[in-house]
Amino acid sequence: MKRFVGYISLLLMLLVFCGCAVNPVSGDRDFVLMSEAKEISIGREYHPKILKQYGKYDAPALQAYVSEVGKKLAAFSHRPGLVYRFTVLDSTDVNAFALPGGYIYITRGLLAYLNTEAELAAVLGHEIGHVTARHGVRQQTAATAANIGMTIGQILVPELRNQAVSNMYGLLSGAFLSGYGREHELEADGLGAEYLARAGYDPYAIVEVLKVLKRQAEFSSEIAESEGRKTQAYHGLFASHPDNDTRLQNVISNKRLLYARPTPIKDDDNFLAMLSGLVFGDSAAEGIRRKNKFYHRTLGFAVYFPEGWVLKNHSDSLQGVAPKGKAFAALTLQDINKLITPREFLTERLDFKQFTNGRKIEPAGLQGYTAFVEINSTAGMRHARVCIIYFNDRAYMLVGIAKDVQLQNDVNDKILKTALSFHPLSKKEAILAEPLI
């Protein structure tokens, strides 16, 4: 055991010697394994991927306004030399996040819940705080150090080469990281409050934002529970109500006393004007969900899922979830590049060589095919119904599976009815394919 402690001490000394850097916020030396240049390169690399996944909200004036507010705050931050980029994402998610190096994002879903410019500044200030304190870098370093410690420990100490010790290391590093995350969030709140105060906003806007998001998260949690699924709240939320969190209140009060101006900025008329016309909920470009029905103006189709199913619209698929999560279905599409039948599409493009109960279907007079296939699920190999529908040079693929194998026959019938409901969007339905603003 003494030898083990000696090896670990030597390892830690080497890591600290090689990985210390001055924290831009505290001025203390932090243990990090990433240079600033590498940090910035990560943001630069992943920024296009974020835009591809979520899409940039098509509102140039709003984008410019959010960027203006963000840069006003960034000028008072601990890393004013970074070039910060602020982007409104075309997503219904209630979220904001930052990539290392100054890439900061807020969704239109979150914007719809904000009431003032100060609240917008509070969200952006919190994310700037994550960047200035290098939270992403420190989190990555902690994870890397845990893995390095385990690997080197197993090399130097053969007794560590067993599953029990591996599990112990995993638990310890996981607990360390989860606890560290909450400290990061509190630090980001404090830094955001400071940047707000320095820029002329009331730091207590952070509490107002957290109140709104807390209520929204509680509502989303109730909906998710009724659907048999888990939900994740906005990452900056406290477990308790923000009014009752002493640490949060103390952090913001201290920043307010140190930096706040006598007359904080209030430009709420401009804020509300900028949000005028903001799409609430689904956008026409991604398709509109109305309970269990889906309408897509651009692609020109509509489809009806079973009553009571909840639809989830993602950039690459439309997903339906049965009550209590008892069944799942996904609708995706691919271009048709060869003059092949829907049955041949199933066997050649999707590579389902083995299937049963195959037959033609003709939803709204369109070409289609359905069959039972085997797919690899989390519960192992399972039978599922797959339907192929041809529409406007695209193949739409609907696959459905039950959580319990005993329910599969009922789900098969429901998925077939969903496929048969697929039809070209009618003129009367065009209004249903328009978003709420």
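The values are calculated or read from the model by the stated rules, or taken from the named source; none is laboratory data. For clarity, every value in this text was computed on a predicted model and none was experimentally measured. All Cβ positions, glycine included, derive from the backbone under ideal geometry; neighbour counts span all protein chains shown. Please note that ligands, DNA and RNA were not included when accessible areas were found on the heavy atoms of the full protein model with its side chains. Shrake-Rupley method; radii C 1.70, N 1.55, O 1.52, S 1.80 Å.
Here are the numbers for the structure shown:
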quantity	calculated
R0 of 30 Å, Cβ-Cβ distance residue 293-residue 269: FRET efficiency to nearest 0.05	0.20
Efficiency of FRET between residue 336 and residue 382 - r from beta-carbon atoms, R0 22 angstrom, step 0.05	0.20
Proximal charge balance of residue 356 [Cβ under 14 Å; K/R count +1, D/E count -1]	+4
Solvent-accessible ranking of 196, 299, largest area first, probe 1.4 Å	299, 196
Computed label-point distance, nm, for sites residue 64 and residue 374 using a 7 Å Cα→Cβ extension	6.0
Exposure rank, largest accessible area first [349, 297; 1.4 Å]	297, 349
Residue pairs, from the table 211/326; 52/414; 211/428; 324/353; 49/72, whose Cα atoms sit over 31 Å apart	211/326; 52/414; 211/428; 324/353
Size of electric dipole in the stretch 285-347: Cβ of Lys, Arg +1 and of Asp, Glu -1, about Cα centre, debye, nearest 20	320
Gyration tensor (alpha-carbon) shape descriptor, the stretch 290-437, a/c threshold 1.5	oblate
Full-extension gain in nm, residue 285 to residue 258, via 0.36 nm per residue minus C-alpha separation	5.1 nm
Accessible-area ranking of 381, 274, largest first, probe 1.4 Å	381, 274
